[in-house]
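For reference, the structure discussed in these notes is given below.
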Amino acid sequence: MSWDAKDIALLKRLWFEGQSAAQIARPLGCSRNAVCGMLTRLGLKRGHKSPTARPKIRPAPKLRPSSAPCPRPVTHKVSSRRAERQQPKEFSRQQLYAILAEAVRNTG
């Protein structure tokens with residue numbers, strides 16, 4: 001599409017009125033991508049509200065203080081520390097020989 005001064009003036013006017021690129025493309029008779037490309041070349045921001053848009057600022061909701069205890073009892077406390085690794089069980093020499101003898105009997 002070739003852009004003349006009249007088309008660019010209409011594009012700017014509609015953009016500053018807050019219309020989207022698709023809404024601007026209809027009266028110009030071109031695609032939305034053509035409008036987006038021209039907006040970029042003109043240095044107008046895409047993907048953001050137009051400079052004339054007035055955002056509504058709402059106050060943050062007030063939180064109620066919770067002074068009541070938890071209605072259910074805590075059954076399991078979770079420690080903030082990592083669980084300590086259990087040490088392997090130590091066997092006596094006699095127990096080790098018994099385990100070895102059992103293993104030899106099972107393999108042969």
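Brief remarks follow.
- Segments classed as helices (runs of 4 or more DSSP H), wholly inside the stretch 1-97, with at least 2 members that are modelled with pLDDT of 90 or more and exposed (fewer than 10 other Cβ atoms within 10 Å of the Cβ): 5-16
- Selection of the stretch 1-20 for residues being farther than 15 Å from Gly43 by Cβ, of a type outside the set (Ser, Thr, Tyr) and out of contact with any Asp or Glu (no Cβ under 9 Å at 6 or more places or on another chain) yields Asp4, Ala5, Lys6, Asp7, Ala9, Leu10, Arg13, Leu14, Glu17, Gly18, Gln19.
The values are calculated or read from the model by the stated rules, or taken from the named source; none is laboratory data. Note that the structure is a prediction, hence the values are computed from the model and not measured. So basically every Cβ, Gly included, is an ideal-geometry build from the backbone, and we count neighbours across all protein chains shown.
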